[in-house]
1. Roughly how many nanometres apart are two label points built 7 Å out from the Cα toward the Cβ at Ser73 and Thr143?
2. Whole number please: convex hull volume per residue, Cα atoms of the range 14-105, in Å³.
3. Keeping all protein chains in position, work out how much accessible area Ser48 exposes to a 1.4 Å probe, and write it in Å² to the nearest 10.
4. When the chain is fully extended, how far beyond the present Cα-Cα distance does Asp32 get from Ser10, taking 0.36 nm per residue of separation?
5. Add +1 for every Lys or Arg and -1 for every Asp or Glu among the other residues with Cβ under 13 Å from the Cβ of Ala134, and state the total.
6. Ignoring everything but the protein chains, give the 1.4 Å probe accessible area of His110 in square angstrom, nearest 10.
7. Roughly speaking, to the nearest percent, how much of the range 1-87's 1.4 Å accessible area is carbon and sulfur?
8. How much solvent-accessible surface does Met128 expose, in Å² to the nearest 10, with a 1.4 Å probe and all protein chains in place?
Amino acid sequence: MTKPAPLDVSSHLDAMLRYARTLVRGSTTEADDLVHEALVKALEAEASFRRGGNLRGWLLSILHNTFVSQRRSRVAELRRVEAFGAAAETHAQPEQEGRARLTRVVEAFHDLPEDQRAVLHLVAIEGMAYQEAADALGVPVGTVMSRLSRAREALRRFEGEGRTDRRPPAFRIIGGQDAS
């Protein structure tokens, strides 16, 4: 069996370009790209064309379907971009400043005298009650409260350094029975 002659689409190119310009609202570049894409699809699907059928109608149908597919694809892409943008807006700001501040707070914590650092850790980080911390350290409860107060004050002073506004520092150490 002989292979049929290739389709002669050249006589329909002007009609395809006119229709493509209508679909893309006059953009010559977009119309050319659309016609090119439709012709590629037509050549790939050439076997599905009924010989003796309306070649012009078949080509314009492929052109139209290509346009619709591209538009749907663009709309879907826009939705993904918008969804990503909305999701990006809910993410936290860059962490560099917060990490740098946390590093300075940790350094200030480590600069505390050992007895204050131990009490602050047990009460504020481990969540121990004053009596539990006192028992763990083998000191009276009053000593725990005094050391904790001095440690907190030292960290508050650290937080207040370099501030030019009159607002109180935002840094608070909480934990233990006196937490508010």
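1. 7.6 nm
2. Hull volume normalised by residue count: 139 Å³.
3. Approximately 80 Å² for this residue.
4. The span from Asp32 to Ser10 would gain 6.5 nm if fully extended.
5. Numbers: positive: Arg147; negative: Asp115, Glu132, Asp135.
Computed value for this residue: -2.
6. Surface accessible to solvent at His110 totals approximately 110 Å².
7. On the way: 3460 of 6240 Å².
Ligands and nucleic acids excluded, carbon and sulfur give 55 percent.
8. Approximately 50 Å² of Met128 is accessible to the 1.4 Å probe.
The values are calculated or read from the model by the stated rules, or taken from the named source; none is laboratory data. Remember, predicted model here, so these are calculated numbers, not experimental data. Please note: Cβ atoms are built from the backbone with ideal geometry, for glycine as well, and neighbour counts cover all protein chains shown. Surface accessibility is based on the protein's heavy atoms, side chains included, excluding ligands, DNA and RNA. Shrake-Rupley method; radii C 1.70, N 1.55, O 1.52, S 1.80 Å.
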